[in-house]
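J.: I am attaching a structure below and will ask some questions about it afterwards.
The values are calculated or read from the model by the stated rules, or taken from the named source; none is laboratory data. A quick note: this is a predicted structure, and the numbers were derived from the prediction, not measured. Here the Cβ positions follow ideal geometry from the backbone for every residue, glycine too, while neighbour counts run over all protein chains shown.
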Amino acid sequence: MSTRRHGEHGISLIEATTVLAIAAILSAAAAPVASRTMDRARLTRAADDTQAITTAINNFIVEFTGFVPFTTTGLAGGATIQMLVGDGDTPRTLGTGGSALWDDVVNPAAAAPVDFLERHLVTNTPGGAGAYTTAGANPWRGSYINGPIDPDPWGNRYAVNVLYLRTAPTSNDVFVVSTGPDEEIDTAFTVNGVVPGDDDIISVIRRDPGRTVP
């Protein structure tokens, strides 16, 4: 037979309810702070990712000077790639000025080809089957970025309008874009003096001569 010592007692229902109520209040107060912290972390990662892709493309251009900018085969004479994209969902597009081109599907065989960034910057398999030359004075020296190129923090693909890296025309800016938190691209695909649409996150690769980009 056990006996309870003087002063010992269990937790009463009122005490348990009070503890739970205090815990709920503290949790509710902390939730917005945690949410803001996560939002900032996502924005920071997206900005870092777009800059990393920009750096990789710049390094590709500097080192492999013999290329026709981003072709379906990786060889001179191939069709010029319209857009390179990472893995992830195809974002919604809004606005004007050609923004709808951002939602084109990956198809290296199309008249205006869209291909994966990773094929050009990591695996040297442009179009899924081609290859940039790895010999001669100006070979492909990749990989230029660590793969895989994952989706942005909201699950959507990064996209780059590399069409305008070619010699002519030179009237449009080239940039890496992420949808941002609203998961839709509002920045025009064809633009000179680019200004990010809504909450899009971008990194400029080449600025049109004579124009100031915010």
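J.: Name the one entry in THR179, THR125, THR134, THR93 that is over 20 Å from ILE205 (Cα atoms), buried (at least 20 other Cβ atoms within 10 Å of the Cβ) and β-branched (Val, Ile, Thr). Spell out how you get there, then give the answer.
T.: Working: THR179 fails: over 20 Å from ILE205 (Cα atoms); THR125 fails: buried (at least 20 other Cβ atoms within 10 Å of the Cβ); THR134 fails: buried (at least 20 other Cβ atoms within 10 Å of the Cβ).
Criteria check complete, one pass: THR93.
J.: Return the residues of the stretch 69-108 that are at pLDDT 85 or above, assigned to a loop (DSSP other than H, G, I, E, B) and at negative phi; say none if nothing qualifies. Lay out the reasoning, then the answer.
T.: Here is the first cut: in the stretch 69-108, the residues at pLDDT 85 or above are 81-91, 101-108.
Next cut, assigned to a loop (DSSP other than H, G, I, E, B) only: 81-82, 86-88, 90-91, 104-106, 108.
Once the filter is applied, which keeps residues that are at pLDDT 85 or above, assigned to a loop (DSSP other than H, G, I, E, B) and at negative phi, the stretch 69-108 yields ILE81, GLN82, GLY86, ASP87, THR90, PRO91, ASP104, VAL105, VAL106, PRO108.
J.: Looking only at the stretch 13-44, count every residue that is modelled with pLDDT of 75 or more, farther than 16 Å from TRP154 by Cβ and not hydrophobic (A, V, I, L, M, F, W, C) and tell me the total.
T.: Adding up the residues that qualify gives 2.
J.: Something else about it: Which of the residues belonging to the stretch 77-132 are hydroxyl-bearing (Ser, Thr, Tyr) and more than 23 Å from ALA46 (Cα to Cα)? Show your work before the answer.
T.: Going residue by residue through the stretch 77-132, those that are hydroxyl-bearing (Ser, Thr, Tyr) are 80, 90, 93, 96, 99, 123, 125, 132.
Residues satisfying the conditions are THR80, THR96, THR125, TYR132.
J.: Name the residues in the stretch 104-162 that are of a type in the set (Lys, Arg) and closer than 15 Å to PRO69 by Cβ, would you? Talk me through it step by step, then tell me what you get.
T.: First pass over the stretch 104-162, keeping only residues of a type in the set (Lys, Arg): 119, 141, 157.
Passing the criteria: only ARG119.
Quick grid of which residues meet (1) assigned to a loop (DSSP other than H, G, I, E, B); (2) of a type outside the set (Phe, Trp, Tyr):
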residue	(1), (2)
THR123	yes, yes
TYR132	yes, no
TRP140	yes, no
GLY147	yes, yes
PHE175	no, no
ALA188	yes, yes
ASN192	yes, yes
SER203	no, yes
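J.: Do any residues in the stretch 142-164 that are free of Cβ contacts under 8 Å to residues at least 60 places away in the same chain and at negative phi have Cβ atoms under 7 Å from those of residues that are among the hydrophobic types (A, V, I, L, M, F, W, C) and not in a loop (DSSP other than H, G, I, E, B), where the two are at least six apart or on different chains, and which pairs are they?
T.: If the second residue must be among the hydrophobic types (A, V, I, L, M, F, W, C) and not in a loop (DSSP other than H, G, I, E, B), the pairs left are SER143/LEU121; TYR164/VAL174.
J.: Which condition does ASN138 not pass, out of (1) touching a Gly at 6+ places or on another chain (Cβ under 7 Å); (2) under 10 Å from LEU84 (Cβ atoms), if it passes all the others?
T.: (2)
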